[in-house]
Amino acid sequence: MTSQTSSDAFHTTLHSLRVWENPLPVFDTGTAPAEPLPLFREWFLHAAAAGQPEPHTMSLATVDGEGRPDVRILMLHDADARGWHFATHATSAKGRQLAGQPEAALAFYWPAVARQVRIRGRVTACGPQESRADLAVRSRGALASALTGRQSEVLGSREELERASAAAWERAEAEPDAPAPTWTRYVLDASEVEFFQGDAARRHTRLRYRRPAGAAAWIRELLWP
């Protein structure tokens, strides 16, 4: 395939794609709860029941020491009164960025129901005991991956990864409670949560919860699409 053919195919495919052609749920903001957590859990369960693959995956946005934004996909581990939980190596790129600037943003997108949730807030690293417990309840593969470590470092070769991974899998099988010292659980304490419901006529519904610094109650406000 030539470069021009590839470019033409890309643009033809891109502009042929459509979204939200199926019946979509209605978002009655008048019945929304006073706090965002119950609504998030409700939307999460609804997306899962609607067949949305991997509804627990989310984007995490951080900034580096030079103020440059960074983003990646990872999994939600919990959402409770403390905030939205996830985990990674403290020595990874995102771990280092969070250590330098503990403000971050999360985004969930569930195209099956044309919904997204955007969250911003301050991130806190949990202690070793809670971080280790986080890893203990995950799969053997997750433990092997954590034991492999060196996330975000430059890799010399694929063979080097295969050797390190094989050794990590062997240890994970022999020691199901093996410690991974850099594995860290994080909690994002939200100061702002936006719920977006797509509409085929582009009259999208956006409800933002905002909690000013030091305030106990959330402010709810509608946003223009």
Please find, among 46, 85, the residue that is of a type outside the set (A, V, I, L, M, F, W, C), in contact (Cβ under 8 Å) with a residue 12 or more places away in the chain, surrounded by 15 or more Cβ atoms within 10 Å (Cβ to Cβ) and assigned to a strand (DSSP E or B). 85
Within the stretch 1-30, restricting to residues that are closer than 30 Å to residue 49 by Cβ and of a type in the set (Ser, Thr, Tyr), the one that is most open to solvent (accessible area, probe 1.4 Å) is 16
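Where in the stretch 106-197 are there helices (runs of 4 or more DSSP H), lying wholly inside it, with at least 2 residues that are modelled with pLDDT of 90 or more?
Those helices (runs of 4 or more DSSP H) span 128-136, 158-174.
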Candidate set: the stretch 207-225, residues that are farther than 21 Å from residue 115 by Cβ and of a type outside the set (Val, Ile, Thr); chosen: the one modelled with the lowest pLDDT: 214
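Applying the selection to the stretch 53-68, what residues are more than 17 Å from residue 195 (Cα to Cα) and either under 15 Å from the mean Cα position of the chain (by Cα) or open to solvent by less than 70 Å² (accessible area, probe 1.4 Å) (or both)? It would help to see each step written out before you state the result.
Just the residues of the stretch 53-68 that are more than 17 Å from residue 195 (Cα to Cα), to begin with: 53-54, 61-68.
Once the filter is applied, which keeps residues that are more than 17 Å from residue 195 (Cα to Cα) and either under 15 Å from the mean Cα position of the chain (by Cα) or open to solvent by less than 70 Å² (accessible area, probe 1.4 Å) (or both), the stretch 53-68 yields 53, 54, 61, 62, 63, 64, 67.
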Run residue 12 past the list (1) in a helix (DSSP H, G or I); (2) within 25 Å of the chain's Cα centre (by Cα) and report the number of the one that doesn't hold. (2)
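The values are calculated or read from the model by the stated rules, or taken from the named source; none is laboratory data. These figures come from a predicted structure and were not determined experimentally. Virtual Cβ from ideal backbone geometry, glycine too; neighbours counted across all protein chains shown. Heads up: the accessible areas ignore ligands, DNA and RNA and are worked out on the full protein's heavy atoms, side chains in. Shrake-Rupley method; radii C 1.70, N 1.55, O 1.52, S 1.80 Å.
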